[in-house]
Structure formats: structure tokens, C-alpha cells
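Take a look at the structure below.
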Amino acid sequence: MKITLKDGSVKEYQSPMSVQEIAYDISEGLGRATCAGIVDGETVDLRTVIEKDCNLSIATVADKEGLNTLRHTTSHILAQAVKRIFPEAKLAIGPSIENGFYYDIDREPFSREDLDKLEAEMKKIIKEALKIERFELPRDEAVKLMEEMNEPYKVELIHDLPEDAIISFYKQGEFTDLCAGPHLVSTKGVKAFKLISSSMAYWRGDSDKAKLQRIYGTAFNKKEELEAYLAHLEDIKKRDHNKLGREMELFTTVDVIGQGLPLMLPKGTRMINKLQRWIEDLEDNEWGYVRTKTPLLSKNDLFKISGHWDHYKDGMFVLGDEETDREVFALRPMTCPFQYYVYKNTQKSYRDLPYRMGETSTLFRNEDSGEMHGLTRVRQFTISEGHNVIRPDQVESELANCLNLAIFVLETLGLREDVTFRLSKWDPDNKEKYLGDDAYWENAQGALRKILLEKELVFTEADGEAAFYGPKIDIQARNVYGKEDTMITIQLDCAIAERFDMYYIDQSGAKVRPYIIHRTSLGCYERTLAWLIEKYAGKFPTWLCPEQVRVLPISDKYADYAEKVRAELARNGVDANVDSRSEKIGFKIRDARLNRLPYMLVVGEKEEADGTVSVRSRFAGDEGSKSLAEFTEQICREIRTKEIRKENPQEEGK
RNA sequence: GCUUAUAUAGCGCAGCUGGUAGCGCAACUCAUUCGUAAUGAGUAGGUCGCCGGUUCGAGUCCGGCUAUGAGCUCCA
């Protein structure tokens, strides 16, 4: 039989050679002891291909696929180790995932000691260099085999496979597992792996079904790669906003106050205020917004009109009981209907549109108790919310306006490269969750898609992620652990005006229903702060820093001059403090560095005599001696332009 | 909401099989007045998350609650 590889080389094999051996040979030829190959874009086990057709052209094994195969095999080795040490355990599924693999197992919880034992056993299995062999069985025999092995989850999986599915198994030593593959050809191919953690997972992700234990692990081709990955995990933890933000005294939580209700501390508040003032001035002065301030709660009547009472009541904090109380109130989960009444306060002409209303808006959402996390998922948050009331002919220009503002904000914060765009659509299979019909959704989604295409943005489309009243453009960011959150949203709503009887007078004097864009320019301040902490590892651009300059007098003798410097900077709107402790200069510098101060000004005899400051920064290290006026002008310009100066790696913490 | 782990001084931690608590940093006081990543000495600080139980005796064992972390999407 002849096998053509992608590089054009042809391999020929004599027929007595087993499929296993041929696959092994090809795999080694491709630089890795794997049996995975890509044929017509599909990842397959080379052994299956060889059996079917001897003259196939086999693409080279892509690195990513090779890694998936390696990890999938490692998960099987884990399962084998589990069965050896804990024979009573029942196996569920064990796929490879983005950064490793897992295996779901029905057993009591695993301790770290159990994981260590399993790791040791896995190493033994690898050393045994067990050949991994593939075989197929008809359905009834497959079920019988799994029943004999007392694996009820596997039996269920087989029953759920489609009629025409090939039911394949992989055998390594005494261990056999139901699996589609592909796999390495021998357990010895696993060189570097680690069991990371274990936790609970539901069978088939369904909370009504059995509770299984999931063991997470990872595997790499080389030991160095594994070590680099584990070091990366450690590094990531240092950037985690939930840890760093508390360490830097930006926010905290208190158990008697409750879950999802973080307290912004003075430094965190300072940062949020800087962001908020910037956004408010930007929107009002440059992007044509008017500002509103509307109540944080309302009678539930309002939410009945808006549809929230029917569609979002579980997510709201309701005050009072409809059965017994004359009036029931609810804390607002959004600002929309309040701003509609701002619009309705005076009659609007077609000339008044677009009518853009912005509000720094505090919202309340009753998230499930297990969903809260740091500053990214909270029960009370403040958002740069806004509603643009527009004429139907203004849909495109106004969507573009909102998107441009959002992108400008992201660019200014240095976050533009870190986001992905998503068109969030309704779920056509779950229509009762949404207002409006097919035509309404197709139109609205089409309008959003058009603007994304016109702006040449790369975006994904997601079913079932829309708001109940309309589709959205979501701007997504990932946290340090790779989890995605919505940062900015732009939503088109062509239906709500009817419910609130909003209209404008057109050229002919007729009343016309406007459309509404729900949008944020920066999104939620808490979540943005979390994102900034992780992006900059706490070393924020100067304009955002809660403390921008620290003046460090060499000794008490220069305290008066230090205070003079501080006062001059403060007069110019710079956040500056003096470190007047009677410590050595080295101590003060160390402390300021650990606090991630952008600028330190050392002042002593020489500086006082010359009216200068000795500048040391996070960006350039020693910037030399400058007159106070010169430094003030420099930092004021940096703050005004929101410059993001490049960090100097040599100034990294020791 | 579910599973699981954790909760000891402001922070980071120790406290073995039950005998009422320690370390480092920070804070405070005193001395030092110093030129670019830690000056020295001393002092003070804790109802061991909260409530209950077992026990002669609980930081330690048991139960409940609260909070925090991880996971609950990735289909053999």
C-alpha cells in the first residue's frame, strides 16, 4: 500500500505490516508519535484512513491537532490510572480542551493527595509504553462490552450515538475506553503532563443529572513547554484583578454587606471618577449627548410597560409584595424607561433627532449567588448608559456614531487590540423569550450586521445572546483566565417606542414612532476597572493613576520644599503626595515602586537651592533633574493627552 | 442555585493526634536626617468569620449560616 504525504513524499508498506505499525511509522515520519492526521479538513485517526483506502493523501499533522491528540491520550491515561487505583469509579467523558484536558468520573471527591497518587500511576503507565490499539464493534456488542465493564455512562453514550455511527474503542494494556479518537500510538508518547485541579461537574452539564468529579490536567510535547505554561498560570494570578485590586486597595468586600457588592476604596474611587468625568465630558461636549439623572427605583408599573416585569423579574430586586402591598417598587436593572420619560417630557420634532441621552447610571441586578466574581459580576454597578432616540432613516449613521465612540474610548484606554466584536442575535427556537416577530428580528439584526461589515470589523454571530427587545453589537474582552465578558454594548430597538407612546413630529406634521439605540460608550465602570487592572497589571497610564506623583524628600530638612512641590502640582490638577516619613531615600523609593507610582520626585539640598526636582519614573527610570515648571508642564501634557507611556522593563519590580 | 475548598492581628502565613494563640511585613513610639529598591531598637495589636452542638476543656471535632476562590460551555 502507498501513502502520499503532504510534502509529496510517498511511503510504501508491505501488506503483512499491521495498520498500527504503519500508522506509527507515518506519525514518526511527521515528527510526532501521533496517529492523528487531517484529511479533507477533518481530524481523523490515521489508522481508520489506512484501513479504508491505501492511496490517500494525508495532510501533515497540524500542531494544534497534535496537541489535542496528545492531551486526549493523556486523559485516557488518567482514566486508566483512576481505574487502577479506584476500581469502583465510573467513567464518563474525557475530552481535550483549550489548555489541556479533563475527565469526568463518578466517584467521591478527589483530594490533592489522590491527584498526586494518580499522577504517579500515570507516570508508571507511560513508562510501561502500552500500545494504543483501535477497534470497532457493532452497537449491540459495544453495549455488551461496556455493560460487562460496568460503565453505565458509556452505555448511555452508545445508546445516544446516531444510527450510522462507527463505534470505536481504544485499548491500552488492560484498559479499554469508548472513544472516537484520535490517539497517540503508545502511552510512551506522553512526555510532560500535570493534573491541575478537580471539581464537580454535572453529567452532560445538566444540574438535574448525576454529580461527577472532573479532573483537569494539561499536557505538552516538551517539559519546557509544560513548565512555561505552569509559570504562565502563576504569572496570570498576579494580574488577576480580584487579587491585585484588593492588594492595591482599590476595592474590598465585606461579608455582612453581601455578595456582589464591592466597596470602592479611595484609590479605586479616584480611578473610577477619572474615567467617569472623562466619559461625561466626552459625550456631552464632543459627541452631542445631553445628561440625565433619573431615579434608582420605580413602582413596578414602569417595568410592566417596559416588559421587564414579564421578561426579567427574576433578575430584579423587588421591594414589597404584590399580594399584600398597595404599591410595589423595584430597583432598576437598567435605565431605559426612565430616559424614555425624559424624552417624552417635551414634544420632539424630526429636527431634534437624534436625541442622545447619557447617564452615569447605577443599576441593580439580582444575580444567582454562585455567579458573582470580583468586580466583573456584581449586583450593583454603574454604567455609562445612554439612549439615542432616532428617526428610522438615521439607523445607520447613528449606529456608526455609537460604534465610533466606543472604538475611540477603547483606543484611548489602550484596549482596542484586546476586544472582539459579536453580533448577538435572538434564538429562533426559543421565541417566547423575546418580543417581536421574525421580520422584526431579521431587519434589526441585518442593520447591525451591515454596520459591522461596513466598518470592516471582524465579528462573530451568536444565537440567543440578544436582549429580549432587540439584537446587540457586543464588544467582548477576555480576562486573564481567558473568560469572556461583554464590555460595551450597542443595541437596536425598533419596538419599544410603541409601548411608551414615544413619537416625533415629521415634516408633514404627522406623529411618527422613533427607533431607539441602547448603548454604552465604556460600559460598566467596575468591570472596566477590573479589565484595566489586568491589562496593565496595576501599572496604569499616568492619567488614570490614583496617585500620580510622590515627592520624596531626602530628609526632614527638605519637607517644606517637598510640600511646595506637591502644592504646585496639585494646583495643576496632578494627584501628588509627599512621603514625609523619616526613612532613608532608598526605602521611600522602594515603597513608591511597589505602589506602582508613575513618578517619583526626589528633592534634597540641591533641588531646593535650584528650584528643581530629580525625576524618576516607571517608564524611563532616572529622567534626570528638571525645573519644577518643566516637570509640571510635562506631566500635565501627559495627563491631558492620556498618553500611554511605554513601561521600562528594567524598572520591573524585583 | 449546585459541587467543592478555604476563613487565625491591616496583609501574607504557622499552629501535630482537642489543653483558651505565634512568625514575617505593615502600624505606633524613640533614636537616626540619610542622594535613588528595605537604618536600628522598642511597643501595641486577635471573642481564631458568625451561631449552635459534643467535651471537664474547642482555633482544632460535628452541624447550620455568611463570605471568598475554583468549577458547573467544551460530548465517546
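Is it the case that region A:231-239 has a residue that's within 16 Å of RNA strand B (Cβ to nearest atom), over 30 Å from A:ASN68 (Cβ atoms) and touching a residue at least 40 places away in the same chain (Cβ under 8 Å)? First the steps, then the outcome.
Step one: filter region A:231-239 for residues within 16 Å of RNA strand B (Cβ to nearest atom), giving A:232-239.
From what is left, the residues that are over 30 Å from A:ASN68 (Cβ atoms) are none.
Taking every residue of region A:231-239 in turn, none turns out to be within 16 Å of RNA strand B (Cβ to nearest atom), over 30 Å from A:ASN68 (Cβ atoms) and touching a residue at least 40 places away in the same chain (Cβ under 8 Å).
Identify, please: which residue in region A:241-266 is more than 7 Å from RNA strand B (Cβ to nearest atom) and under 24 Å from A:GLY100 (Cβ atoms) and is, among those, surrounded by the fewest Cβ atoms within 10 Å (Cβ to Cβ)?
So, considering only residues that are more than 7 Å from RNA strand B (Cβ to nearest atom) and under 24 Å from A:GLY100 (Cβ atoms), the one surrounded by the fewest Cβ atoms within 10 Å (Cβ to Cβ) is A:LYS243.
Considering region A:615-634 alone, what residues qualify as being open to solvent by less than 30 Å² (accessible area, probe 1.4 Å), within 9 Å of RNA strand B (Cβ to nearest atom) and part of a strand (DSSP E or B)?
A:VAL615, A:GLY621, A:GLY624
Filter region A:267-281 for residues that are open to solvent by 80 Å² or more (accessible area, probe 1.4 Å) and free of Cβ contacts under 8 Å to residues at least 40 places away in the same chain; which is farthest from RNA strand B (Cβ to nearest atom)?
Pass one, region A:267-281, residues open to solvent by 80 Å² or more (accessible area, probe 1.4 Å): A:270, A:277, A:281.
Next cut, free of Cβ contacts under 8 Å to residues at least 40 places away in the same chain only: A:277, A:281.
On the way: A:ARG277: 28, A:ASP281: 33 Å.
Residue satisfying both the conditions and the ranking: A:ASP281.
Take the residues in region A:135-178 that are assigned to a loop (DSSP other than H, G, I, E, B) and farther than 18 Å from A:ARG84 by Cβ, then tell me which one is most open to solvent (accessible area, probe 1.4 Å). Working first, answer last.
Step one: of region A:135-178, the residues assigned to a loop (DSSP other than H, G, I, E, B) are A:138, A:149-151, A:161-166, A:173-174.
When the remaining residues are screened for being farther than 18 Å from A:ARG84 by Cβ, the result is A:138, A:161-166.
Working: A:PRO138: 67, A:LEU161: 61, A:PRO162: 76, A:GLU163: 171, A:ASP164: 130, A:ALA165: 33, A:ILE166: 98 Å².
Looking at residues that are assigned to a loop (DSSP other than H, G, I, E, B) and farther than 18 Å from A:ARG84 by Cβ, I get A:GLU163.
Conditions (1) of a type in the set (A, V, I, L, M); (2) out of contact with any Lys or Arg (no Cβ under 9 Å at 6 or more places or on another chain); (3) part of a helix (DSSP H, G or I), marked per residue:
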position: A:SER199; (1), (2), (3): no, no, no
position: A:LEU226; (1), (2), (3): yes, no, yes
position: A:ILE236; (1), (2), (3): yes, yes, yes
position: A:LEU244; (1), (2), (3): yes, no, yes
position: A:GLY260; (1), (2), (3): no, no, no
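Would you tally the residues in region A:308-331 being within 17 Å of A:ASN366 (Cα to Cα), in a loop (DSSP other than H, G, I, E, B) and open to solvent by 40 Å² or more (accessible area, probe 1.4 Å)?
Residues that pass the stated criteria total 4.
Taking the conditions exactly as written (open to solvent by less than 70 Å² (accessible area, probe 1.4 Å), closer than 28 Å to A:LEU265 by Cα and either out of contact with any helix residue (DSSP H, G or I) (no Cβ under 6 Å at 6 or more places or on another chain) or not in a loop (DSSP other than H, G, I, E, B) (or both)), does A:GLU547 satisfy them or not? Give the derivation first.
Numbers: open to solvent by less than 70 Å² (accessible area, probe 1.4 Å): yes; closer than 28 Å to A:LEU265 by Cα: yes; either out of contact with any helix residue (DSSP H, G or I) (no Cβ under 6 Å at 6 or more places or on another chain) or not in a loop (DSSP other than H, G, I, E, B) (or both): yes.
Yes: the conditions hold for A:GLU547.
Name every residue in region A:570-590 that is more than 8 Å from RNA strand B (Cβ to nearest atom), assigned to a helix (DSSP H, G or I) and surrounded by fewer than 16 Cβ atoms within 10 Å (Cβ to Cβ), in order of residue number. If you could, list the steps in order and put the result at the bottom.
Of region A:570-590, the ones more than 8 Å from RNA strand B (Cβ to nearest atom) are A:570-580, A:588.
With the extra rule that they be assigned to a helix (DSSP H, G or I), the set shrinks to A:570-571, A:588.
Those that are more than 8 Å from RNA strand B (Cβ to nearest atom), assigned to a helix (DSSP H, G or I) and surrounded by fewer than 16 Cβ atoms within 10 Å (Cβ to Cβ): A:ALA570, A:ARG571.
Could you pull out the residue among A:LYS188, A:LYS194 that is open to solvent by 40 Å² or more (accessible area, probe 1.4 Å) and touching a Lys or Arg at 6+ places or on another chain (Cβ under 8 Å)? Working first, answer last.
Numbers: A:LYS194 fails: touching a Lys or Arg at 6+ places or on another chain (Cβ under 8 Å).
Going through A:LYS188, A:LYS194 in turn, just one is open to solvent by 40 Å² or more (accessible area, probe 1.4 Å) and touching a Lys or Arg at 6+ places or on another chain (Cβ under 8 Å): A:LYS188.
Residues to consider are A:HIS387, A:HIS373; find the one that is more than 22 Å from the chain's Cα centre (by Cα) and touching a residue at least 40 places away in the same chain (Cβ under 8 Å).
Values: A:HIS373 fails: more than 22 Å from the chain's Cα centre (by Cα).
After applying the criteria, what remains is A:HIS387.
Restricting region A:635-654 to residues that are more than 20 Å from A:LEU413 (Cα to Cα) and open to solvent by less than 80 Å² (accessible area, probe 1.4 Å), which is modelled with the highest pLDDT?
Looking only at region A:635-654, we keep the residues that are more than 20 Å from A:LEU413 (Cα to Cα), and these are A:649-654.
Narrowing further to those that are open to solvent by less than 80 Å² (accessible area, probe 1.4 Å): A:651, A:653.
Working: A:GLU651: 63, A:GLY653: 49.
Of everything passing the filter in region A:635-654, A:GLU651 is modelled with the highest pLDDT.
The values are calculated or read from the model by the stated rules, or taken from the named source; none is laboratory data. Owing to the predicted nature of the structure, the values given are computational and were not obtained by experimental measurement. Glycine also receives a Cβ, built like all others from the backbone with ideal geometry; neighbour counts cover every protein chain displayed. Just so you know, the surface numbers come from the protein's heavy atoms only, side chains and all, with ligands and any DNA or RNA stripped out. Shrake-Rupley method; radii C 1.70, N 1.55, O 1.52, S 1.80 Å.
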